[in-house]
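Enquirer: Quick one: structure below, then a few questions.
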Amino acid sequence: MLELLKKRRTQYALGRNLNFTEDALEALIREAIRHSPSPFNSQSSRAVILLGDASQRFWSIVREELRTILAADMLEASLDKINGFAAGVGTILFFEDQQTVHDLQKQWPLYADHFPVWSEQSGGMAQYAVWTTLANAGVGASLQHYNPIVDAKVSETWDVPSSWKLRAQMPFGSNEAAFPEKTFMPDEMRFRTHR
Ligand SMILES: Cc1cc2nc3c(=O)[nH]c(=O)nc-3n(C[C@H](O)[C@H](O)[C@H](O)COP(=O)(O)O)c2cc1C
């Protein structure tokens, strides 16, 4: 299992050299999210899977929005990164359904304060499950956060239900660069064991 976790890395250099059909990729993504845990099995995570032209369209929206808010020097660096994301096969938009959160708060008032936090935690688990699943299929990916600047155009372009709140974006494709070595902080700063 640990070997599966270690395979997941951030890949910015994406390409389209995958031996998967779009249907097979879609199935992997759906299964990973379906099997992710959520409080009371509430399944608040949602995903819009953008393939091919739709993924390109998403990154065009990001470029358009960044042009309205970033200074020229910052914009250039961001656009370079975005070109790497757009060079992939697709992008997964991860949402959390706020209606589910509100319904849970109504049904379980004792836990009302927890549900928004648990929804975010569930979303993170779903993202991690997809990322790890893709990595173990040899598919590179990274986790991006261009919300909320793209939210309105995303909703309009793909007719996303108003209760779905965009939380993260995961561009994916073939791995076109080696992963840099990962550094780790000292264990004694992170972990304590008592017996
Ligand atoms: C909650 C969370 C938010 C992140 N947001 C971003 C992001 O907006 N852009 C990005 O390039 N990477 C983002 N990352 C990826 C981290 O930078 C990356 O996982 C970390 O540097 C470790 O590298 P690794 O993924 O190769 O293990 C995020 C990761 C997490 C868990």
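Readers should treat all values here as calculations from the given coordinates under stated rules, not as data from a laboratory. Quick caveat, the model's predicted, so the values are computed rather than measured. Counting neighbours? That spans all protein chains shown, and the Cβs are built from the backbone with ideal geometry, glycine included.
Enquirer: When the Cα centres of the range 136-195 and the range 1-22 are compared, how far apart do they sit, in Å?
Expert: 13
Enquirer: Excluding residues on the same chain fewer than 8 positions from LYS106, give the lysines whose Cα lies under 26 Å from its Cα.
Expert: Answer for LYS106, where 26 Å is the Cα cut-off: LYS165, listed by chain and number.
Enquirer: With N set to the residue count of the range 5-103, report its C-alpha Rg divided by 2.2 N^0.38 Å to two decimal places.
Expert: 1.29
Enquirer: Take every Cα pair under 8 Å in the chain that's 6+ residues apart, average their separations, divide by the length, and report that relative contact order as a whole percent. If you can, show how the numbers build up before the last one.
Expert: Numbers: 275 pairs, mean separation 71.3, N = 195.
Across the chain, relative contact order equals 37 percent.
Enquirer: In what sequence do LEU79, LEU110, LEU50 fall when counting other Cβ within 10 Å, fewest first?
Expert: Listing LEU79, LEU110, LEU50 from fewest to most nearby Cβ atoms yields LEU110, LEU79, LEU50.
Enquirer: Which whole-number percent of Cα pairs in the chain have a distance greater than 21 Å?
Expert: The calculated P(r) of the chain puts 57 percent of pairs beyond 21 Å.
Enquirer: Next question, about the same structure. Run the quick spin-label model on ASP113 and GLU3: label points 7 Å from Cα toward the beta carbon, then report their separation in nm to one decimal.
Expert: Rounded to a tenth, the inter-label distance reads 4.5 nm.
Enquirer: Additional query: Under a 10 Å cutoff between Cα atoms, tell me which one of VAL48, VAL117, VAL160 has the largest fluctuation in the Gaussian network model of the chain.
Expert: Checking each option, the largest mean-square fluctuation is seen for VAL117.
Enquirer: If you keep only loop residues by DSSP, which GluC sites (Glu not before Pro) in the range 151-195 have at most 11 other Cβ atoms within 10 Å of their Cβ? Intermediate values should be presented prior to the final figure.
Expert: On the way: sites: GLU156, GLU176, GLU181, GLU188; in loops: GLU176, GLU181.
The qualifying sites are GLU181.
Enquirer: Of the chymotrypsin sites (Phe, Trp or Tyr not before Pro) in the range 19-74, which ones lie in a loop per DSSP and count no more than 16 other C-beta atoms within 10 Å? Before the final figure, lay out the partial values.
Expert: Numbers: sites: PHE20, PHE40, PHE58, TRP59; in loops: PHE20.
The qualifying sites are PHE20.
Enquirer: Multiply the residue separation of HIS35 and ASP53 by 0.36 nm, subtract the distance between their alpha-carbon atoms, and state the gained length in nm to one decimal.
Expert: Answer, rounded to one decimal: 3.7 nm.
Enquirer: Give me Rg over Rh for the range 45-127, both radii from the alpha carbons and Rh done the Kirkwood way, two decimal places. Please report the intermediate quantities before stating the final value.
Expert: On the way: Rg = 17.3 Å, Rh = 15.1 Å.
On the Cα set of the range 45-127, Rg over Rh gives 1.15.
Enquirer: Pop the C-beta distance of GLU181 and TYR128 into the FRET formula with R0 = 25 Å and round what comes out to the nearest 0.05. Don't skip to the end; give the middle numbers.
Expert: Values: r = 21 Å, r/R0 = 0.85.
It comes out at approximately 0.70.
Enquirer: Treating cross-link reach as a plain straight distance, find the aspartates and glutamates whose alpha-carbon is under 15 Å from the alpha-carbon of LYS6, omitting any fewer than eight places away in the same chain.
Expert: Of all the aspartates and glutamates, those that pass the test against LYS6 - Cα under 15 Å, at least 8 places apart if same chain - are GLU181.
Enquirer: Can you tell me the mean projection area, over all orientations, of the convex hull of the range 98-195's alpha carbons? Units nm², please.
Expert: Approximately 11.0 nm², given one-decimal rounding.
Enquirer: Now, a different point. Return the lysines within reach of LYS81: Cα separation strictly under 21 angstrom, same-chain partners fewer than 8 residues apart disregarded; answer none if there are no such residues.
Expert: Straight-line reach from LYS81, under 21 Å: LYS153, LYS182.
Enquirer: Once label points are set 7 Å from the Cα along Cα→Cβ at both LYS106 and ALA152, what is their separation, rounded to one decimal in nm?
Expert: Output for this residue pair reads 2.9 nm.
Enquirer: Under the 0.36 nm per residue contour assumption, what length would be gained going from the current alpha-carbon distance of ASN19 and GLN43 to full extension?
Expert: Difference between extended and current length: 5.6 nm.
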